[in-house]
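The values are calculated or read from the model by the stated rules, or taken from the named source; none is laboratory data. All values reported here derive from a predicted model rather than from experimental measurement. Here the Cβ is made from the backbone with ideal geometry for all residues, glycine too, and neighbour counts use every protein chain on show.
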Amino acid sequence: MTPEHAPSPAPHTPHPANAAGQGMSRLNPAALPVADAARVLTRLGGKAVSEVMLRHDIDAGAPTNADGTLNLVHYAAWLVKEMAGSGGGGGD
């Protein structure tokens with residue numbers, strides 16, 4: 001078999017204890033506790049997002065899973081729908 005047709009070597013699989021870095025468990029974006037969702041959104045969005053802000057959105061109708069966790073894709077879709085309904089103002 002020529003090198004270009006040879007199977008690729010298996011990707012390196014990190015040790016489970018190190019998989020998410022620094023001892024943290026893996027986060028599931030389809031089922032994040034509100035506190036974790038606030039932390040992730042703050043890190044990725046560049047603006048502070050607090051648990052209180054997310055609870056306010058949940059009270060205003062943001063979707064949650066049956067166990068109270070947030071699915072970030074569903075939450076993002078809800079935010080887009082809310083912004084479109086209010087004229088799309090982002091407040092920047």
Based on this model, can you work out whether ALA77 counts as at pLDDT 95 or above and of a type in the set (Gly, Ala, Ser)?
yes
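Yes/no per residue for (1) surrounded by 10 or more Cβ atoms within 10 Å (Cβ to Cβ); (2) farther than 26 Å from GLY85 by Cα; (3) of a type in the set (S, T, N, Q):
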position: ALA30; (1), (2), (3): yes, no, no
position: ASP36; (1), (2), (3): yes, yes, no
position: VAL40; (1), (2), (3): yes, no, no
position: GLY45; (1), (2), (3): no, no, no
position: SER50; (1), (2), (3): yes, no, yes
position: MET53; (1), (2), (3): yes, no, no
position: HIS56; (1), (2), (3): yes, no, no
position: THR69; (1), (2), (3): yes, no, yes
Sort through ALA60, ALA6 and tell me the only one that's surrounded by fewer than 11 Cβ atoms within 10 Å (Cβ to Cβ), at pLDDT 95 or above, out of contact with any helix residue (DSSP H, G or I) (no Cβ under 6 Å at 6 or more places or on another chain) and not charged (D, E, K, R).
ALA60
